[in-house]
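See below for the structure under consideration.
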Amino acid sequence: MAAMAILHGLSPTPVERSRVLEIACGDGANLIPAAYAVPSSEFVGFDLARLPVERGQRRIAELGLRNIRLFQLDLLAAGADLGRFDYIIAHGLYSWSPEPVRDRLLALISDLLTDDGVAFISFNAMPGGQLRSMVRDMMLFGAKDVEDPEQQVVEGFRFLRLVMEGLPQNDVYRALIESQLQRMEDKNPKVTRHDELSEIYYPVYFTEFVEHAHRHGLEYLSEAQLPAPSDCGYRIEPESELATMAGPDFLRHEQMLDFVRMRAYRETLVCRPGRGIRRGFPPEHFRRLLFATQAAPAPGQGGNPTAFVMPGGMRMESNHPKVSALLLALGAAWPRAVSWDELEPRLARVGLALDADGVGLIMRLSIARMVELRTWNPRAAHEIAARPRASACSRHQALGSPYVTSLLHTSWTFEDAKIRRLLMLLDGTRDRSGLLAAMRAEFPEASEQDLEAGIEHGLELFLRSGVLEA
Ligand SMILES: C[S@@+](CC[C@H](N)C(=O)[O-])C[C@H]1O[C@@H](n2cnc3c(N)ncnc32)[C@H](O)[C@@H]1O
């Protein structure tokens, strides 16, 4: 949120000295790792549901965190006594709530946001929401008499498949239903139950949302993330009829693109009006950002001197000296993010400067998710210590699930039982031989060699994931 605000010319409160509010925070799955990672900031979360809040409160007590509080509260009863916040988050609420709650949500954000504050609101968008709404109606029809939430998803899918099977193979309607079914089948059924089958499903056009926010004294800033490289916004020629029709009005242009994208969902940032938003990414905004890459260099193919590989396996070949110089400089610093002032002397040698060309290159790499834009550096380790310590929050998460949040606030899935056990052992008291002895006791069937190799692999993985503490 801070990086997008700076990219658009705002001066948000530094992340490490801020107050953060999450409205409808559930059990604090998002807020607790953030509070752990930024101990100098204050975090507040509330939710209507008592049980998840109590679960979150237990986790906070077990971790001994003093900069976060969660409590049960109805948004309709929340008010100015909460204080003001530099960052406000409301995820999964707007499109799933009745009108009075939606309206109060924006009013509350407007009441509580500081002058330089940034708020995140996710919502279902049109026109894609129209198609999802049709598919939802069919699923609800198919699951009409079913009580169990997960079984509703099973029955809903079954009915969609029945409808599909009644249609010819190359039918357009069939293809639409199939694409929606595939999208939902890739997700956790609990998420599908909430996102698609909850009692209220209220998708809105982008311009409608922006007008609603405007009525409450909030202005559209940007999306929370840069668009994907495949986004039609990068394909439509500026002199095309579509672009001419949109004219210079940015909001109208965005709405027009949503029709082309058949957009169904947005994660939108808003701020106070008149804060001097500047679009078009002027170079001076980049001086206030930090840059990082997870990409590791690898030998290139076909005469290219260098390839860069991301953790998920995404690979980019480059014979562009400026790209290679930037990624090599950032890769060597990972997980630390580096300022332009620090990079400048090294990159000047290959002629990479913060001019229009340089900004274009950084933006292309950011859109390709090869470069991250950040505003601060967490306490993540740069190298593996003699007695490595993983964040207490990640060790606590690993106790009960494969999902772990790093100090960089990224999510990782560690399915392997040995890897998870190793993570839990990393409390800073054990050196390599202590870790080996503990792993040997836990996994007596494994060979010494395998355990040693597993420990090295695990430590390297945790270092690169940003789970190890400096
Ligand atoms: C899908 S969950 C999202 C939880 C969390 N934000 C997340 O992204 O995981 C929606 C949450 O909104 C909460 N909620 C619904 N109406 C609310 C209200 N009037 N006041 C506070 N919370 C509410 C629900 O209890 C639920 O936890």
Report task. Would you check if residue 133 is under 27 Å from the mean Cα position of the chain (by Cα), in contact (Cβ under 8 Å) with a residue 40 or more places away in the chain and not assigned by TED's automatic domain parsing to the domain that holds residue 263? Result -> yes
Query raised in the report: Do we find a residue being of a type in the set (A, V, I, L, M) and within 24 Å of the chain's Cα centre (by Cα) anywhere in region 420-443?
Result: yes
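For the structure I just gave you, tell me whether residue 283 is surrounded by 13 or more Cβ atoms within 10 Å (Cβ to Cβ), more than 15 Å from residue 371 (Cβ to Cβ), in contact with a helix residue (DSSP H, G or I) (Cβ under 8 Å, 6 or more places away or on another chain) and not β-branched (Val, Ile, Thr).
Values: surrounded by 13 or more Cβ atoms within 10 Å (Cβ to Cβ): yes; more than 15 Å from residue 371 (Cβ to Cβ): yes; in contact with a helix residue (DSSP H, G or I) (Cβ under 8 Å, 6 or more places away or on another chain): yes; not β-branched (Val, Ile, Thr): yes.
So residue 283 passes the test.
Here are 288, 252, 235, 315: which of them is out of contact with any Pro (no Cβ under 7 Å at 6 or more places or on another chain) and touching a residue at least 60 places away in the same chain (Cβ under 8 Å)?
Numbers: 252 fails: touching a residue at least 60 places away in the same chain (Cβ under 8 Å); 235 fails: touching a residue at least 60 places away in the same chain (Cβ under 8 Å); 315 fails: touching a residue at least 60 places away in the same chain (Cβ under 8 Å).
From the options 288, 252, 235, 315, the qualifying one is 288.
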Report task. Say whether the condition of being out of contact with any Phe, Trp or Tyr (no Cβ under 7 Å at 6 or more places or on another chain), under 20 Å from residue 271 (Cα atoms) and either within 16 Å of the ligand (Cβ to nearest atom) or not in a loop (DSSP other than H, G, I, E, B) (or both) is met by at least one residue in region 5-13. Result -> yes
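Residue by residue, here is whether (1) touching a Phe, Trp or Tyr at 6+ places or on another chain (Cβ under 8 Å); (2) outside the structural domain of residue 16 (by TED's automatic domain parsing) holds:
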| position | (1), (2) |
| --- | --- |
| 51 | no, no |
| 63 | yes, no |
| 100 | no, no |
| 114 | yes, no |
| 120 | yes, no |
| 137 | no, yes |
| 144 | no, yes |
| 153 | no, yes |
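Can you work out which of the residues in region 377-416 that are among the aromatic types (Phe, Trp, Tyr) and crowded, with 16+ Cβ neighbours inside 10 Å is farthest from residue 234 (Cα to Cα)?
Kept after step one, since they are among the aromatic types (Phe, Trp, Tyr), are these residues of region 377-416: 403, 412, 414.
Those left that are additionally crowded, with 16+ Cβ neighbours inside 10 Å: 412, 414.
Details: 412: 30, 414: 35 Å.
Step by step, filter region 377-416, then rank; the result is 414.
Kindly indicate whether residue 34 is touching a residue at least 12 places away in the same chain (Cβ under 8 Å), within 18 Å of the chain's Cα centre (by Cα), under 24 Å from residue 391 (Cβ atoms) and away from the ligand (no atom under 11 Å from the Cβ). Full working, then the answer.
Values: touching a residue at least 12 places away in the same chain (Cβ under 8 Å): yes; within 18 Å of the chain's Cα centre (by Cα): yes; under 24 Å from residue 391 (Cβ atoms): yes; away from the ligand (no atom under 11 Å from the Cβ): yes.
For residue 34, the condition - touching a residue at least 12 places away in the same chain (Cβ under 8 Å), within 18 Å of the chain's Cα centre (by Cα), under 24 Å from residue 391 (Cβ atoms) and away from the ligand (no atom under 11 Å from the Cβ) - is met.
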**Report entry** Total residues in region 94-151, condition within 15 Å of the ligand (Cβ to nearest atom), within 16 Å of residue 213 (Cβ to Cβ) and not in a helix (DSSP H, G or I)
**Finding:** 7
Query raised in the report: Filtering region 315-328 down to residues that are farther than 12 Å from residue 298 by Cα and surrounded by fewer than 18 Cβ atoms within 10 Å (Cβ to Cβ), which residue is modelled with the highest pLDDT?
Result: 322
Report summary line: Flagged pairs (Cβ under 8 angstrom, 6 or more apart or on separate chains; first in region 47-72, in contact (Cβ under 8 Å) with a residue 60 or more places away in the chain and more than 20 Å from residue 85 (Cα to Cα); second more than 11 Å from the ligand (Cβ to nearest atom) and in a helix (DSSP H, G or I)) are 59/32; 59/396; 62/396; 63/32; 63/36; 63/392; 63/393; 63/396
Query raised in the report: Is it the case that residue 88 is without any contact (Cβ under 8 Å) to a residue 40 or more places away in the chain and β-branched (Val, Ile, Thr)?
Result: no
Report task. Any residue in region 340-369 that's farther than 27 Å from residue 223 by Cβ: show its pairings with residues that are of a type in the set (S, T, N, Q) at Cβ separation under 9 Å, as long as the two are six or more apart or on different chains. Result -> 350/324
**Report entry** Unmet criterion (only one of (1) of a type outside the set (S, T, N, Q); (2) within 20 Å of residue 394 (Cα to Cα); (3) more than 12 Å from the ligand (Cβ to nearest atom)) for residue 27
**Finding:** (3)
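Specify which of the listed residues (374, 369, 464) is of a type in the set (Lys, Arg) and modelled with pLDDT of 95 or more. Before you say what the answer is, go through the steps one by one.
Numbers: 369 fails: modelled with pLDDT of 95 or more; 464 fails: modelled with pLDDT of 95 or more.
None of the other options fit; the residue is 374.
Counting only residues that are of a type outside the set (A, V, I, L, M) and either under 14 Å from residue 209 (Cα atoms) or touching a strand residue (DSSP E or B) at 6+ places or on another chain (Cβ under 8 Å) (or both), how many does region 242-258 have? Show your work before the answer.
Within region 242-258, the subset of a type outside the set (A, V, I, L, M) is 244, 247-250, 252-255, 258.
Next, from what is left, pick out any that are either under 14 Å from residue 209 (Cα atoms) or touching a strand residue (DSSP E or B) at 6+ places or on another chain (Cβ under 8 Å) (or both): 252, 254-255, 258.
The number of residues fulfilling the criteria is 4.
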Report summary line: Picking from 137, 116, 148, the residue that is within 30 Å of residue 276 (Cα to Cα) and of a type in the set (D, E, K, R) would be 116
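In this structure, is residue 159 within 16 Å of the ligand (Cβ to nearest atom) and at pLDDT 95 or above?
no
How many residues does region 45-62 contain that are away from the ligand (no atom under 13 Å from the Cβ) and either at positive phi or not charged (D, E, K, R) (or both)?
Restricting attention to region 45-62, the residues satisfying the condition of being away from the ligand (no atom under 13 Å from the Cβ) are 57-62.
So of that shortlist, the ones also either at positive phi or not charged (D, E, K, R) (or both) come out as 57, 60-61.
Counting residues in region 45-62 that are away from the ligand (no atom under 13 Å from the Cβ) and either at positive phi or not charged (D, E, K, R) (or both) gives 3.
Every residue, every condition in (1) over 22 Å from residue 400 (Cβ atoms); (2) buried (at least 16 other Cβ atoms within 10 Å of the Cβ); (3) at pLDDT below 95, yes or no:
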residue	(1), (2), (3)
8	yes, yes, no
11	yes, no, no
21	yes, yes, no
26	no, yes, no
29	no, yes, no
49	no, no, no
52	no, yes, no
56	no, yes, no
65	no, yes, no
Query raised in the report: Can you name every residue in region 63-93 that is farther than 20 Å from residue 42 by Cα and either away from the ligand (no atom under 12 Å from the Cβ) or not in a helix (DSSP H, G or I) (or both)?
Result: 74, 92, 93
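The values are calculated or read from the model by the stated rules, or taken from the named source; none is laboratory data. None of these values were measured; they are calculated from a predicted model. FYI the Cβ positions are ideal-geometry reconstructions off the backbone, even for glycines, and counts take in every protein chain you see.
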